[in-house]
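Accompanying notes for the structure given below.
The values are calculated or read from the model by the stated rules, or taken from the named source; none is laboratory data. Everything numeric in this text was worked out from a predicted model, so none of it was measured. In this analysis, Cβ positions are derived from the backbone assuming ideal geometry, glycine residues included, and neighbour counts consider all displayed protein chains.
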Amino acid sequence: MALLEVSQLCVEFPTRRGTLRALDNISFGIEPGEILGVVGESGAGKSLTGSAIIGLLEPPGRVASGQIIFDGKRIDNLDQEAMRAIRGRHIGAIFQDPLTTLDPLMSVGKQLIETMQTHLKLSDRDAKARAIQWLEEVGIPAASERVFAYPHQFSGGMRQRVVIALALCAEPRLVIADEPTTALDVSIQAQIITLMRRLAADHGTSIMLVTHDMGVIAETCDRVAVMYAGRIVEIGPVENVVRSPQHPYTEGLMGSIPSLEARVARLRQIDGAMPRLNAIPQGCAFNPRCTKVMDRCREERPDLLPAGTTEAACFLVQGGAR
Amino acid sequence: MSSRIVLEANDVARHFDVSRPALQRLLAGEKKRILRAVDGVSFQIVAGETLSLVGESGCGKSTMARLAVGLYAPTQGSITFEGQAMHAALADASLRRKMNMIFQDPYASLNPRWRVRDIVAEPIKAFKLLSSRKDIEDRVGQLLTQVGLSAHDGEKFPHEFSGGQRQRISIARALSSEPEFLVCDEPTSALDVSVQAQILNLMRDLQERLGLTYLFISHNLAVVRHMSDDLGVMYLGRIVEQGPAEEIFRTPRHPYTRLLLDAIPDISAVGRQRTPVGGEVPSPISPPSGCTFHPRCALANDRCKAERPLETKVGDVAVACHAVQEGRAA
Ligand SMILES: Nc1ncnc2c1ncn2[C@@H]1O[C@H](COP(=O)(O)OP(=O)(O)OP(=O)(O)O)[C@@H](O)[C@H]1O
Ligand SMILES: Nc1ncnc2c1ncn2[C@@H]1O[C@H](COP(=O)(O)OP(=O)(O)OP(=O)(O)O)[C@@H](O)[C@H]1O
Ligand code: SF4
Ligand code: SF4
Ligand SMILES: [Mg+2]
Ligand SMILES: [Mg+2]
């Protein structure tokens with residue numbers, strides 16, 4: 001049974017000029033020990049999906065319809081108190097913004113110790129030893145010397161690693177990791193990825209990994225979901241999505257990756273911009289930018305259906321007819 | 001071809017005192033603890049070109065970036081901007097306007113209580129670049145459009161944007177003062193590849209059109225290769241290899257540069273276990289003796305442990321490594 005099951009999730013922001021639908025009918029599941037990657041254009045709704053799961057949507061944002069089921073129980077309708085008990089202990093979150101997660105007035109060690117002692121039974125001494133151990137796990141040099149340093153004394157990437165340690169230290173069953181390695185250089189990234197893979201393999205921890213780094217996705221994930229304008233446009237096993245993307249947006253995304261092999265005059269980009277939430281076109285949301293658009297795409301909205309070796313929401317490829 | 005030097009760093013260092021409070025330190029009988037975030041860095045950036053700094057997290061890139069726009073004063077050494085000492089350049093509003101910085105943390109650098117249009121307009125007003133409200137509004141709209149947002153987005157507050165959208169707001173703000181020298185600290189780290197391509201193309205266009213000069217920092221080496229004329233590889237506060245970027249990417253000479261290039265993830269590597277980088281970054285508070293890279297270096301010998309390597313020129317590239325100098329780093 002899937003540890004997390006999201007079905008037909010819609011998230012909306014009521015505004016004075018009407019309701020903005022930021023997530024539109026999102027469905028996916030994550031199995032125990034599975035790492036699901038989530039990629040997509042900036043503003044596509046990746047972070048909102050994570051916030052909805054952990055019950056931290058910023059008001060006036062709200063779950064308008066759909067369900068989120070964690071470990072067999074519905075969690076999208078829990079009250080603040082009940083959700084807080086699950087968050088941290090069973091679902092750990094690494095936010096995209098490391099500075100807001102860290103308390104600037106408390107040393108990083110103290111923050112780790114408090115988090116662990118809130119959720120696990122640990123003596124002060126054991127908690128301190130574990131705090132140092134976690135800092136070492138995420139690659140902070142001289143961890144025992146620096147355990148009581150304050151966040152501003154750490155570099156951007158070091159702070160990001162402290163946030164990762166904070167999310168993992170209570171040993172949650174599901175980790176929502178929103179761009180956990182963006183500020184990290186490749187070698188530390190490799191270390192964090194190895195750590196996440198080990199948690200998934202040895203402890204059955206499930207991970208939802210939001211990142212725009214396709215290299216990280218390719219190396220870490222079992223499956224990957226591609227989002228565009230609040231919808232999932234493609235989902236499938238990582239090697240299939242990366243090697244033979246079905247949806248034209250995914251194809252464009254793969255083509256924009258700068259290559260290390262050569263310096264080109266211009267990087268390929270997908271022309272145009274993602275539609276704003278109050279102006280999502282009718283039919284397929286990608287149709288104004290799609291080079292393969294057909295009449296039907298401007299009227300009907302494609303569902304997420306099997307296409308080739310993945311599932312894609314595109315009329316062109318559905319039924320494996322590519 | 002002229003090659004005017006816009007920014008020059010001469011043996012620049014920045015140290016931080018990370019000792020415990022004086023009384024506690026006295027009671028425990030500890031010595032002061034000094035962290036050498038940047039420790040003797042020299043480089044020049046030519047007008048219209050891009051120098052990139054790369055290196056592992058914590059090696060001192062952001063500290064160097066802040067030094068380069070005068071946000072930190074150097075503990076040692078000197079920095080000149082357009083031929084003026086940094087403190088003199090900062091005192092001169094017409095020079096100060098010419099430099100700006102995109103910060104690594106886009107969240108912390110946007111005032112949450114201001115509307116986006118006011119955030120982007122702030123430098124325009126501060127330096128009195130435009131005066132009429134209409135002109136300012138148009139310019140803000142144009143800047144937002146350039147970074148792939150829309151003029152209407154100016155009405156909103158930062159929290160209403162996604163991570164990558166906020167990063168683009170800070171890029172729009174940095175461009176609004178029409179800088180000639182721009183320090184970009186991980187400017188596209190929160191952007192998906194297609195928006196990243198758009199921003200990087202924009203930055204290169206501006207460079208070609210207006211002759212902008214960049215100090216560029218990114219941990220994404222493919223992006224760095226795409227953007228750079230020159231490259232400096234930093235390790236524990238020092239530059240261990242610097243020179244033309246293409247040359248270094250093609251033939252990395254310093255053992256640390258080689259290790260960095262080997263660790264790059266790549267999309268053809270589905271499910272592959274990456275060769276983890278051997279060893280961890282040592283503490284910058286008590287760095288290793290001699291060549292600070294020696295505990296992780298396969299070529300280290302006794303001389304490396306005792307003697308700090310000086311820069312040696314190999315063609316256009318300067319490398320600080322005994323093995324390279326002795327010709328045993330083939
Ligand atoms: N508080 C809010 N009020 C109004 N709109 C919001 C709010 N928070 C997010 N949005 C909008 O919802 C959309 C999705 O945002 P989200 O943060 O999930 O994007 P994302 O996919 O994580 O993007 P990125 O890669 O840039 O982080 C964006 O268009 C954003 O502007
Ligand atoms: N204000 C400060 N006080 C004390 N130490 C600091 C301060 N700022 C930075 N440091 C330390 O200086 C070193 C270099 O930090 P810097 O932010 O320059 O690294 P970086 O190369 O930008 O790393 P990253 O890639 O993680 O952003 C780190 O060890 C950091 O802990
Ligand atoms: S449904 Fe039509 S517009 Fe949408 S991606 Fe497929 S071909 Fe393009
Ligand atoms: S000086 Fe010695 S230890 Fe340092 S990089 Fe060169 S060979 Fe390795
Ligand atoms: Mg996000
Ligand atoms: Mg930095």
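Candidates in region B:146-168 are the residues that are closer than 15 Å to A:PRO60 by Cα and charged (D, E, K, R); of these, the one that is farthest from ligand 2 (Cβ to nearest atom) is B:LYS156. For region B:94-116, the tally of residues that are within 17 Å of B:ALA65 (Cα to Cα) and in a helix (DSSP H, G or I) stands at 1. Of all the numbered requirements in (1) within 14 Å of chain B (Cβ to nearest Cβ); (2) in a strand (DSSP E or B), A:ILE232 misses one, and that requirement is (1). As for region A:29-37, it holds at least one residue that is modelled with pLDDT of 90 or more and under 30 Å from B:LEU149 (Cβ atoms). The set of residues in region B:142-182 being free of Cβ contacts under 8 Å to residues at least 12 places away in the same chain and part of a helix (DSSP H, G or I) consists of B:GLN142, B:THR145, B:ALA151, B:HIS152, B:GLU160. Among the listed residues A:GLY283, A:GLY308, which satisfies the condition of being touching a residue at least 40 places away in the same chain (Cβ under 8 Å) and either more than 16 Å from ligand 5 (Cβ to nearest atom) or away from every other protein chain (no Cβ under 14 Å) (or both)? Exactly one residue qualifies, and that residue is A:GLY308. Among the residues of region A:20-35, the ones that are over 14 Å from the mean Cα position of the chain (by Cα) and among the aromatic types (Phe, Trp, Tyr) come to 0 in all. Summed over region A:152-177, residues that are surrounded by fewer than 24 Cβ atoms within 10 Å (Cβ to Cβ) and within 16 Å of ligand 1 (Cβ to nearest atom) total 0. The one condition from (1) within 20 Å of A:GLY40 (Cα to Cα); (2) of a type in the set (S, T, N, Q); (3) surrounded by 21 or more Cβ atoms within 10 Å (Cβ to Cβ) that B:THR213 does not meet is (1). Taking region B:53-85 as the range and being more than 16 Å from ligand 4 (Cβ to nearest atom), assigned to a loop (DSSP other than H, G, I, E, B) and under 19 Å from B:ASP229 (Cβ atoms) as the test, only B:GLU82 passes. Restricted to region B:301-330, and to residues there that are touching a residue at least 12 places away in the same chain (Cβ under 8 Å) and more than 18 Å from B:GLN242 (Cα to Cα), the residue that is farthest from ligand 2 (Cβ to nearest atom) is B:ARG328.
If I ask for residues that are farther than 17 Å from B:VAL195 by Cα, hydrophobic (A, V, I, L, M, F, W, C) and at the interface with another protein chain (Cβ under 10 Å from one of its Cβ atoms), which ones from region A:200-223 would you list? If the condition is that a residue be farther than 17 Å from B:VAL195 by Cα, hydrophobic (A, V, I, L, M, F, W, C) and at the interface with another protein chain (Cβ under 10 Å from one of its Cβ atoms), then A:VAL216, A:ILE217, A:ALA218, A:CYS221 are the ones that fit. Evaluation of A:THR100 against the conditions (1) within 18 Å of the chain's Cα centre (by Cα); (2) buried (at least 17 other Cβ atoms within 10 Å of the Cβ) shows that the sole unmet condition is (2).
A quick yes/no check of all residues on (1) closer than 22 Å to B:PRO309 by Cβ; (2) within 16 Å of ligand 5 (Cβ to nearest atom); (3) in contact (Cβ under 8 Å) with a residue 60 or more places away in the chain; (4) loosely packed, with under 14 Cβ neighbours inside 10 Å:
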| position | (1), (2), (3), (4) |
| --- | --- |
| B:ASN10 | yes, no, yes, no |
| B:ALA28 | no, no, no, yes |
| B:LYS31 | no, no, no, yes |
| B:ARG36 | yes, no, yes, no |
| B:ILE45 | no, no, yes, no |
| B:VAL54 | yes, no, yes, no |
| B:SER62 | no, no, yes, no |
| B:TYR72 | no, no, no, no |
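Restricting attention to region A:178-202, the residues being touching a residue at least 60 places away in the same chain (Cβ under 8 Å) and either assigned to a loop (DSSP other than H, G, I, E, B) or away from ligand 1 (no atom under 16 Å from the Cβ) (or both) number 8.
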